Structure formats: structure tokens, C-alpha cells
Amino acid sequence: MRDTLKILIASTLACCGVAASATELKFEQNLAVAFCKDKWTKRGVLDGNMFSYCMERQTDGYGDALELYNKYSNIERVELIDEVVGYALNKWTKRKEYQMDMVAFEIEKQGEAYLNIAYEVNAGNVDAQKLDSCKSKWLRQGEPQWTMVEYCLEQ
């Protein structure tokens with residue numbers, strides 16, 4: 001049921017053009033295939049089962065990334081979500097290292113860190129000066145690291 005829901009959401013979001021405004025969140029089939037073939041070919045022989053598993057992780061990761069982008073941009077709003085998506089794509093979708101499951105993981109990790117920070121700020125548990133200091137240190141152009149802001153606040 002969950003897989004069917006993921007496919008439905010991914011196809012609905014993909015057809016309707018849901019994408020990060022700064023960086024488009026799209027699935028590059030040719031890069032995914034090339035990555036999985038390279039990863040699971042040994043001495044010229046492709047391990048078909050592992051290739052299929054790898055491709056499943058790629059497509060599931062893409063669906064998860066779309067769901068997370070929708071969640072963090074519409075439901076539980078995350079500051080700088082477009083930049084977070086761009087950062088995740090730049091980090092995990094290089095030509096030889098195309099991993100949509102890791103893009104989704106990065107989006108979720110950064111989004112949840114932001115929500116944790118927002119909760120602590122709203123609860124009055126965070127010093128404003130320390131928050132500004134941590135944000136200025138870790139929210140760099142093209143590299144918004146909410147996880148590091150969260151860690152900085154804990155120190």
C-alpha cells in the first residue's frame with residue numbers, strides 16, 4: 001500500500017510540475033541507470049538482482065524527495081527549503097554518484113533539524129544571540145546546514 005501511495009504521489013507531483021523553484025527536483029533516469037550499472041557490474045557481468053534493487057532505491061528516493069519537498073514547503077514549512085533541495089541535489093547527484101535515496105535522506109535530515117530548532121525557539125529554550133551566531137556560521141549560500149545549526153545550539 002505504501003509503495004502504491006508513493007508511486008501515486010510521485011507521478012501526481014511530477015505531472016503537475018512540483019519542483020523547487022531555485023533547483024528543479026527531477027529524476028534523471030539515464031544517470032540512475034548509469035550509476036546502478038556501474039555500481040553492480042563486476043568484471044563485465046551485471047548483477048541483475050542488485051541492479052534492480054539499486055533502481056528501486058533510486059525511484060523510491062525520488063518519490064520520497066518529492067513527498068518531503070511538498071511536506072516542508074506546504075505542510076510543515078522549512079525556511080530555505082529550496083536551498084536545502086539544491087544542496088542535497090548538488091551533494092548526491094553528480095554524474096558518477098547519482099543517489100536519489102540520499103537526496104531524500106538529506107532533505108529529511110535538514111528539514112527535521114529545522115523543525116526541531118523552530119520548536120525550541122517557540123518554546124523559549126533558545127537564546128536569540130546564540131541562534132543568530134549559529135545560523136550565520138552554518139547557513140551559507142548554497143549550503144544551508146540546519147543539522148549543524150541544531151548541533152551548534154546544543155553546545
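Looking across the range 117-135, the residues that are under 18 Å from residue 80 (Cα atoms), crowded, with 16+ Cβ neighbours inside 10 Å and in contact with a Leu (Cβ under 9 Å, 6 or more places away or on another chain) come down to 117, 131, 134. When the range 40-78 is examined, which residues are found to be of a type in the set (Asp, Glu) and more than 13 Å from residue 108 (Cα to Cα)? If the condition is that a residue be of a type in the set (Asp, Glu) and more than 13 Å from residue 108 (Cα to Cα), then 47, 56, 60 are the ones that fit. As a summary of the residue check, residue 131 satisfies the conditions (1) of a type in the set (A, V, I, L, M, F, W, C); (2) within 29 Å of residue 59 (Cα to Cα); (3) out of contact with any Gly (no Cβ under 6 Å at 6 or more places or on another chain) except for the one numbered (2).
Of the residues making up the range 54-81, those that are in a helix (DSSP H, G or I) and out of contact with any helix residue (DSSP H, G or I) (no Cβ under 8 Å at 6 or more places or on another chain) are 56, 74, 75.
One line per residue, one yes/no per condition, for (1) under 17 Å from residue 25 (Cβ atoms); (2) modelled with pLDDT of 95 or more; (3) surrounded by 17 or more Cβ atoms within 10 Å (Cβ to Cβ); (4) of a type in the set (A, V, I, L, M):
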{"residue": "40", "(1), (2), (3), (4)": "no, yes, yes, no"}
{"residue": "50", "(1), (2), (3), (4)": "no, yes, no, yes"}
{"residue": "59", "(1), (2), (3), (4)": "yes, yes, yes, no"}
{"residue": "84", "(1), (2), (3), (4)": "yes, yes, yes, yes"}
{"residue": "94", "(1), (2), (3), (4)": "yes, no, no, no"}
{"residue": "101", "(1), (2), (3), (4)": "yes, yes, yes, no"}
{"residue": "145", "(1), (2), (3), (4)": "no, yes, yes, no"}
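The values are calculated or read from the model by the stated rules, or taken from the named source; none is laboratory data. These numbers were taken from a predicted model, which means no experiment stands behind them. Note that we place each Cβ from the backbone using ideal geometry, even for glycine, and neighbour counts take in every protein chain shown.
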